[in-house]
Amino acid sequence: MIMVGAMAATLWGIGIAMKVPYAVRWNMMGILLVGVMMLHVILPNGHPLRMATGGDARLWGLLIAFGFMVWGYRRALGNLRARVVARESNAPAPPSDSFSETELDRYARHIVLREIGGPGQKALRNAKVLAVGAGGLGAPALQYLAAAGVGTIGVIDDDVVENANLQRQVIHLDRNIGMPKVHSAAEAMTAQNPFVTVRPYHRRLTAEIAADLFDDYDLILDGTDNFDTRYLVNATAIEKRKPLIAAALTQWEGQISLYDPAKGTPCYACVFPEAPDPVLVPSCAEAGVIGPLPGVIGAMMAVEALKVITRAGEGLGGKLLIYDALYAQTRTISIKPRADCAACGGKGLHVKA
């Protein structure tokens, strides 16, 4: 044993003196031990050289086995550390007060606008917007919100992509037929702008979850196609004092407004106190809709959202914009809070201009 130890120490020392790589030195140790074991196999029992090197090959077998265990453990530990480091290096960087060069280049056309500039773009990045509905109106609105750099975008919808949607719901692709709309939209938005965070909620908005969900956002967009959800969105936005941009469309005509009673505007129910007879307002499936119309109105929703966030220009609060695509007409109607509104109680009437 002493002789083998002396030989190992000598080889190791030579390796250090010659600056032999660490792995090569360990290989030299392995060759030495294999050679010693071969001597034990070849030489007869009691041979002086065999006795001088331990006398029994099994001792060296155990030592080699122990060495492999230590090597395997160190290798596994090294791989684990490498994976941890890789995960940490690939993790999103914490939010920074400054924009990266890529972001500055991407948002340059916003930043040069005097009404937005750097502070406005930063406000967009810090904003949280919830879109209720990922269909005809939600599709273009979500695309432009993501492209504009709105930092956090939530989208709630319980529907899946259907073939009949693709004529107008341009955020969805043919290969995503059957996929939940919120996941299809999230995929497109993050592919278009990886600097935004998208939160998809594949479920129907209900009274049980609306209040808690709205708490997480600064601004609500409603592009739904049923009045029950519209009135729920309106009531919750009033309760949580969140500005609401709501739009609707049918056939060739669309309408949009900003409802924010906390800032002196009417709420949605002030203007539409009761749901109309379904016969008078048929769905898109029943009455049809021209494909680009949701894009026009949905883009208007995004524009109004950016104006609210950056406080640029004059919004649609107190005004209902109606667009008639068939006859190329746009008109704006003044709307006011109603003191007898069952939803807001005329809250906007008590706000000083």
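The values are calculated or read from the model by the stated rules, or taken from the named source; none is laboratory data. For clarity, every value in this text was computed on a predicted model and none was experimentally measured. Reconstructed Cβ throughout: ideal geometry from the backbone, glycine too, with neighbour counts over all protein chains shown. Just so you know, the surface numbers come from the protein's heavy atoms only, side chains and all, with ligands and any DNA or RNA stripped out. Shrake-Rupley method; radii C 1.70, N 1.55, O 1.52, S 1.80 Å.
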Quick one: G345 ticks every box in (1) surrounded by 14 or more Cβ atoms within 10 Å (Cβ to Cβ); (2) at negative phi; (3) over 34 Å from the mean Cα position of the chain (by Cα) bar one, so which box is it? (2)
Given the condition part of a strand (DSSP E or B), open to solvent by 30 Å² or more (accessible area, probe 1.4 Å), farther than 19 Å from M301 by Cβ and at pLDDT 95 or above, answer yes or no: does some residue in segment 200-223 qualify? no
In this structure, is A299 surrounded by 12 or more Cβ atoms within 10 Å (Cβ to Cβ) and closer than 30 Å to I111 by Cα? yes
Given the conditions (1) within 24 Å of A325 (Cβ to Cβ); (2) in contact with a strand residue (DSSP E or B) (Cβ under 7 Å, 6 or more places away or on another chain), report the number of the one that D225 does not fulfil. (2)
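State the number of residues belonging to segment 241-258 that are farther than 17 Å from I297 by Cβ and surrounded by 18 or more Cβ atoms within 10 Å (Cβ to Cβ). Before the answer, list the steps.
Of segment 241-258, the ones farther than 17 Å from I297 by Cβ are 241-243.
Add one more test, that the residue is surrounded by 18 or more Cβ atoms within 10 Å (Cβ to Cβ), and what stays is 242-243.
The qualifying residues number 2.
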Which one is surrounded by the fewest Cβ atoms within 10 Å (Cβ to Cβ), of the residues in segment 302-342 that are outside any loop (DSSP other than H, G, I, E, B) and β-branched (V, I, T)? T330
How do the helices (runs of 4 or more DSSP H) wholly within segment 13-132 filter down when requiring 2 or more residues that are open to solvent by less than 100 Å² (accessible area, probe 1.4 Å), over 30 Å from A305 (Cβ atoms) and modelled with pLDDT of 75 or more: which remain? none
In segment 147-167, anything within 30 Å of E103 (Cα to Cα) and either touching a Cys at 6+ places or on another chain (Cβ under 9 Å) or in a helix (DSSP H, G or I) (or both) is listed as A147, A148
Enumerate the pairs (first residue in segment 262-279 and closer than 12 Å to R338 by Cβ; second residue anywhere and open to solvent by 60 Å² or more (accessible area, probe 1.4 Å) and not in a helix (DSSP H, G or I)) with beta-carbon separation below 6 Å, excluding pairs fewer than 6 apart on the same chain, so at least 6 apart or on different chains. P266/K336; C270/R338
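Go through segment 258-290 and give me each residue that's part of a loop (DSSP other than H, G, I, E, B) and charged (D, E, K, R). Don't jump to the end; show me each part of the working.
Of all residues in segment 258-290, those part of a loop (DSSP other than H, G, I, E, B) come to 260, 264-267, 272-283, 288, 290.
Correct list: D260, E274, D277.
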